Structure formats: C-alpha cells, structure tokens
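Remarks on the structure that follows.
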Amino acid sequence: MIAKLRQVMLVLAVAGLAVAAYLTYVHYAGVHPACTAGQSCIKVQTSQWSRLAGVPVALIGLLGYAAIMGSLFAPEGEESRLATLGLTLVGFGFSAYLTFRELFSIHAICEWCVSSAVIMTLLLACALARYLLAGGPAPESHSSRYSTGSSGRMSA
Amino acid sequence: MASRTQQKAQARAQRVAEERAQAQRARRQSRLRILAGVVALAATVVAVAVAISAGSASSAPKTTSVAAKHVSATVNRLLGGIPESGNTLGSPHAKVTLTEFGDLKCPICRAFALGPEATLISKDVRAGKVKIVYRSLCTATCGGPQPGAFSTQQAAAMAAGLQGRAWYYIELFYHLQGDENTSYVNPGFLDGLARLVGGLHYGKWLHDRSSPQLAAAVSSDQRSAHALGFSGTPSVLVQGPRGARTIPYLGNYQTYESAIKAVEG
C-alpha cells in the first residue's frame with residue numbers, strides 16, 4: 001500500500017512539475033498562457049500576487065514540486081516520509097492562499113493554477129496517508145511467536 | 001490448577017505484552033508529536049510567505065520611495081533621446097505606427113509595458129522604424145472600485161504629453177502601479193508621478209490635467225477603440241505602408257514584430 005502511494009505521488013509530482021514548468025516558461029517568455037477562460041489566466045499571471053518577494057510563484061512552485069520529487073526518491077523511511085509530508089503541507093497552504101486571492105482579490109480563475117492546487121491537495125492526502133499507514137502496528141515476530149506457541153501448547 | 005512453570009510463563013507473557021503496548025503507545029505519541037511539529041513548521045512557513053505576499057501587495061504604491069527613484073532612472077534610460085510629441089513616442093518619420101489602447105490601472109497593460117513594449121521601444125522605436133501612440137480604453141479601472149478615476153488618470157498622462165513627457169508619465173504609472181482592486185489613484189499619487197518626471201513643469205501640468213479638452217480626448221479614444229472592435233487592454237493597432245494589423249491581446253515581442261514586418265514597406 002505504501003509503495004503504491006509513493007508511485008501515485010510520483011505521478012502527481014510529475015504532473016505538478018509539468019504545470020509549474022509551463023507557467024514558469026510563460027512568465028519568463030512573456031507569452032500568454034493557453035486558457036479557455038479568455039484573459040483570466042493572463043490576469044492572474046500578471047497580477048501582483050503572481051510574485052513573492054520578486055520571485056514568480058510559478059518558479060517557487062516548480063522548485064516545490066522538484067523538492068517533493070526529491071523526497072520521494074529518497075530511501076523509504078520515517079524521515080523521508082516526514083519530509084514529503086512537510087513539503088506538501090507548505091505547498092497546500094500556499095496554494096490555498098493563492099486560490100483565495102484568485103477568487104477574492106483578482107476575481108479571475110487561472111485553470112493552470114487550479115490544476116496545481118488540486119494536484120497539491122492530492123499530494124498532501126497521499127503524503128498524510130503514507131505517513132500514518134507506515135506508523136500503524138507492524139506485524140511483530142514476538143507476537144506471532146507467542147500466539148503460535150500458546151496455541152501449540154493448547155492443542156498438544 | 002496451572003503449574004508453577006505455567007504461571008511463570010503467563011506472567012512473563014503478560015509483562016511482555018504490557019511492555020509492548022507501552023512501547024507502542026510511546027511510539028505513537030512520539031510520532032504524533034513529530035507530526036504536530038511538522039504541521040506547525042509548515043504553518044509557520046506558509047504564514048511567513050502569506051505575510052510577505054500580502055505586505056508587498058496591499059501597500060499603496062509610493063512615489064517618494066528610493067525604489068521609485070530607481071524606477072525613474074530606469075524609465076529615463078529606456079526613453080532618453082527618443083523624440084516625443086503629445087502621446088506619440090518615436091520619430092515622426094517612422095514608417096510604422098503602433099497604436100496601443102491601454103488603461104493605466106490594468107495589470108496586463110503593465111505586463112505589456114514592462115515586457116514586449118520595452119523591447120519594441122529599445123529596438124524598433126529607438127531605431128526610428130516604429131512610433132508608438134498611446135490611447136485610452138477603460139477596462140480594469142471601470143471594473144474596479146473607482147471607475148470615475150479613469151478620465152482623471154489618463155488625462156494626467158496626456159497633460160504631461162502637452163510638455164512632450166507623456167511616455168515618461170505612462171511608464172512611471174505602469175512601473176509603480178498598485179492593486180487594481182484598491183483606490184490608490186488619488187491626487188497625491190498622480191502628483192507624485194508628475195514630480196518624478198524630469199523636465200516637467202509641475203504648475204503647468206497641474207493646470208492642464210483638468211482641461212476639458214483632455215477629458216474629451218480620453219472619451220474620443222474609447223469610441224475609436226470600440227469602432228475597431230477592441231474591448232480589452234492592451235489592444236494594439238499596427239499600421240504601415242502595406243496595411244494594418246490588430247492584436248487585441250497581450251502577445252510576446254515576436255507577435256508585434258511579425259505584425260510590424262507585415263505592414264512595413
């Protein structure tokens with residue numbers, strides 16, 4: 001189950017990386033993003049919320065997805081699972097804030113940004129499940145030995 | 001009756017089970033503490049990012065800051081030495097005329113001004129190949145909290161044009177543009193921009209900016225834009241000896257360059 005979750009997260013991280021890479025390219029190339037909602041994407045991409053301390057949020061997203069991917073490639077363990085969870089928590093929190101700004105400050109929705117927010121939400125759900133499932137009561141060799149021993153004695 | 005050995009084994013099994021349960025409880029608690037720590041750390045990082053983002057966006061643009069002085073220097077470097085007349089930037093003999101319909105409060109116009117238009121000015125306008133005419137079309141301002149400011153802000157730029165300084169004012173406005181959903185366009189902001197424009201006679205500009213002729217010119221620009229079928233900003237009309245092209249959206253430099261090549265003789 002944990003291995004499957006990791007695979008699903010890798011696919012999600014690749015998708016997120018692709019979306020963020022496209023938005024970063026759009027930002028630096030000065031082209032208008034492909035958008036079915038007229039100029040909504042341009043409005044969001046050129047708004048003052050599209051930068052954080054002068055750095056395009058698309059680039060921050062790109063680095064974030066790359067970091068998540070890095071943590072997924074790290075050897076399976078408590079630390080790597082925690083790192084993934086921490087990164088997705090930050091990504092989810094900031095995505096939620098940017099979606100709030102789209103809805104209530106910019107009054108325009110960028111479908112690329114929404115896709116990224118959805119991907120980040122799914123990544124967080126998977127990362128949380130992966131962390132919690134990994135910490136569940138593991139089948140211990142002591143436990144099986146005692147029960148087998150006990151039943152063995154009873155049936156003898 | 002259980003034998004002594006069996007009793008001992010049972011007691012041992014019970015003790016081991018209790019120890020194991022205790023260890024599991026401790027491990028679970030420790031993991032929950034770590035999880036809480038990670039959540040708190042993530043929340044802190046997000047809170048800092050949000051504070052930086054909100055802080056930089058909510059502050060009204062300042063025309064007296066050191067940053068504004070740097071912006072002024074950047075604009076001077078971009079426009080210095082290029083002829084200006086009224087709302088036209090570039091040589092009057094340029095074969096191609098690029099007319100931009102813009103709204104000074106529109107963030108997409110800002111992206112155009114700081115992006116492809118800056119390249120057009122540096123390359124094509126400076127070379128004398130193209131001249132750019134600025135005209136007004138209300139979009140972001142009319143959809144924002146102070147639609148009445150549109151005529152005032154656009155006329156303020158046109159008033160600078162009466163002294164051959166419209167483009168300095170337009171560029172400064174775009175560079176120092178605030179949040180389109182706030183009412184930052186006020187006399188203090190407009191005056192501050194004027195004071196950043198080198199060589200502008202402030203008293204004359206202040207008098208001219210309330211001229212009814214300029215307000216009428218802004219209205220006339222809007223009618224022209226609608227007649228061309230433009231409804232968004234920046235919309236661009238490129239005219240030359242071989243015809244005209246319209247670009248009613250934000251393109252990249254190549255978009256405008258292709259249109260220029262198509263119409264120049």
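List of remarks:
Residue by residue, here is whether (1) touching a residue at least 60 places away in the same chain (Cβ under 8 Å); (2) more than 20 Å from B:D221 (Cα to Cα) holds:
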residue: B:A94; (1), (2): no, yes
residue: B:T139; (1), (2): yes, no
residue: B:G143; (1), (2): no, no
residue: B:T152; (1), (2): no, no
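- Leading residue by the ranking (surrounded by the most Cβ atoms within 10 Å (Cβ to Cβ)) among those in the range A:49-72 that are within 14 Å of chain B (Cβ to nearest Cβ), part of a helix (DSSP H, G or I) and not aliphatic (A, V, I, L, M): A:G61
- Residues in the range A:24-48 that are in a helix (DSSP H, G or I) and either touching a residue at least 24 places away in the same chain (Cβ under 8 Å) or among the aromatic types (F, W, Y) (or both): A:T24, A:Y25, A:V26, A:H27, A:Y28, A:S40, A:C41, A:K43, A:V44, A:Q45.
- Selection from the range A:1-58 of residues that are among the hydroxyl-bearing types (S, T, Y) and under 18 Å from B:G115 (Cβ atoms): A:Y22, A:T24, A:Y25, A:Y28, A:T46, A:S47, A:S50
- Matching residues in the range B:13-36 - criterion: being more than 9 Å from chain A (Cβ to nearest Cβ) and closer than 30 Å to A:V55 by Cβ: B:A36
- Any hit, the range A:77-96, residues being outside any helix (DSSP H, G or I) and either at the interface with chain B (Cβ under 10 Å from one of its Cβ atoms) or in contact (Cβ under 8 Å) with a residue 12 or more places away in the chain (or both): no
- Residues (within 15 Å of the chain's Cα centre (by Cα), under 15 Å from B:T233 (Cα atoms) and surrounded by fewer than 21 Cβ atoms within 10 Å (Cβ to Cβ)) located in the range B:112-143: B:L114, B:G115
- Residue ID - farthest from A:S47 (Cα to Cα), chosen from residues in the range B:225-245 that are of a type in the set (S, T, Y) and buried (at least 16 other Cβ atoms within 10 Å of the Cβ): B:S235
- Residues of the range B:197-224 satisfying the condition of being surrounded by 15 or more Cβ atoms within 10 Å (Cβ to Cβ) and of a type in the set (K, R): B:R209
- Among residues of the range B:150-172, those that are within 21 Å of B:A118 (Cα to Cα), part of a helix (DSSP H, G or I) and more than 20 Å from the chain's Cα centre (by Cα), counted: 3
- Tabulated pairs, the range B:208-229, first assigned to a loop (DSSP other than H, G, I, E, B), second of a type outside the set (F, W, Y), C-beta under 6 angstrom, 6+ apart or interchain: B:R209/B:A155; B:R209/B:A156; B:R209/B:A159
Rule-based calculations on the coordinates, nothing more; no lab input. Just so it is clear, the structure is predicted and the values come from calculations on it, not from any experiment. Every residue, glycine as well, gets a Cβ built from its backbone with ideal geometry; the counts of neighbours run over all protein chains shown.
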